[in-house]
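Values in this text are rule-based calculations from the coordinates and carry no lab data. All values derive from a computational prediction rather than experimental measurement. Using ideal geometry, Cβ is built from the backbone for each residue, glycine included, and neighbour counts are taken over all protein chains shown.
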Amino acid sequence: MNLQIDDSLHLFLQKTGDHLENFRSRFGYNQKFLELIMKYCKNIKFLNLYKIDNQFTHLITNLTENIKQNLNYLTIEVLNSFSDEASPILLQNLGQTLPSKLEYLSLKLCIKTNDFVTFLKNSQNTFIEKLLIMQEGNENILQCIKKYIMEEGRVKYLAFKNEFNKYSHELHELDSDLHNSKDEVKEFKSHNIIVKNHEDLCIKIYDFIREID
């Protein structure tokens, strides 16, 4: 769907943008619309960006930087066909734009270890109450999670799942929700981090809206 930007929408966002606190968007819309959101909507607390392609990665980091004072819930999901290109750019630039505390961060990306380490180092001053990671790549990033998240106690609740390997029998041992491994759950618990099932920890957008209403 192509969203047409006209003067009336521009004026509407200019007058009411400060009142917008919850925003969900598929990043296939008109770039001008997203630029207007970034310009006029500074008080967003809940930001859900899905099916992102590589044309809009710079807008995401700019947007999170603009609203970081109020941002509390952030979901980023890259479109599968663009994941190899968009994911590295996001991971290399997102961490430094995050606020000092997030209630919820959910990432669904094709994660390469080096890019993930960059993200974790750049976001080392951010405490995350609930962190969800859906790995769509074929690299095992669990050791990075242990080193930079578990050992540093940077989250309270963690959900991690490797989605890529459900299509591969060769890498089947990585194709599981971290919550299914009792030994791993126990290790994280010893660092005061509670590992949850990814599906259970994931915020359902409509449930969230009902709760705040």
How much of the DSSP beta bridge set in the stretch 7-212 is antiparallel, as a percent to the nearest 5?
5
Lys and Arg at +1, Asp and Glu at -1: neighbours of Lys42 with Cβ under 15 Å from its Cβ sum to 0
Determine the dipole magnitude for the stretch 30-76: charges of +1 sit on the beta-carbon of Lys and Arg, -1 on that of Asp and Glu, nothing else is charged, the reference point is the Cα centre, and the result goes in debye to the nearest 20.
160
Among Gln31, Ile128, Leu11 the positive-end extreme of the charge dipole of the stretch 3-137 (Cβ point charges):
Ile128
With +1 on the Cβ of every Lys and Arg and -1 on the Cβ of every Asp and Glu, the dipole magnitude of the stretch 7-212 about its Cα centre, in debye rounded to the nearest 20, is 660
What the 5 Å binned alpha carbon P(r) of the stretch 7-212 shows, as percent of pairs per bin from 0, is 1, 7, 15, 19, 21, 16, 10, 5, 3, 1, 1, 0
Apply 1/(1 + (r/R0)^6) to the Cβ-Cβ distance of Asn70 and Phe127, taking R0 = 22 Å, and write down the FRET efficiency to the nearest 0.05.
0.85
Taking the alpha-carbon centre of each part, the distance from the stretch 77-118 to the stretch 137-164 in Å is 13
